[in-house]
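Peer 1: Below you will find the structure I want to go over with you.
The values are calculated or read from the model by the stated rules, or taken from the named source; none is laboratory data. Worth saying up front: this structure is predicted, and the values here are computed from it rather than measured. Counting neighbours? That spans all protein chains shown, and the Cβs are built from the backbone with ideal geometry, glycine included. Heads up: the accessible areas ignore ligands, DNA and RNA and are worked out on the full protein's heavy atoms, side chains in. Shrake-Rupley method; radii C 1.70, N 1.55, O 1.52, S 1.80 Å.
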Amino acid sequence: RQLESRGQRYPCCLRTLHVGGTIRTCQKFLIQYNRRQLLVLLQNCTNEEERQCIQKSLLSCSLTEEQSRSGDEDDDDGTETD
């Protein structure tokens, strides 16, 4: 019901979007889900300036090599490791 950080409590609510058998299937779902959410967000823009701000924000997002390695749970052959 809440998260604690640095002595402060923050109320929260978690919503399950997908339950998958592997990390890979969950990643695929999240990619599709985020693409759909992005399309909805862009369709709801009221002007070109909002659209450009969203596109600029997306283009400024990037993962460093270290971050992408730490989140990778699958081997190259598609099998999971413990």
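Peer 1: Residue by residue, what Karplus-based ³J(HN,Hα) values in Hz, rounded to whole numbers, does segment 49-54 have, using 6.51, -1.76 and 1.60 with θ = phi - 60° and x for Gly and Pro?
Peer 2: Once rounded to whole Hz, the list reads 5, 4, 4, 5, 5, 5.
Peer 1: How much FRET efficiency would the formula 1/(1 + (r/R0)^6) give for T16 and L38, where r is the Cβ-Cβ distance and R0 is 30 Å, rounded to 0.05?
Peer 2: Details: r = 21 Å, r/R0 = 0.69.
Here the calculated transfer efficiency is 0.90.
Peer 1: Compare R1, R51, R15, R36 by solvent-accessible area with a 1.4 Å probe and give them largest first, with all protein chains kept in place.
Peer 2: I get R1, R15, R36, R51, largest accessible area first.
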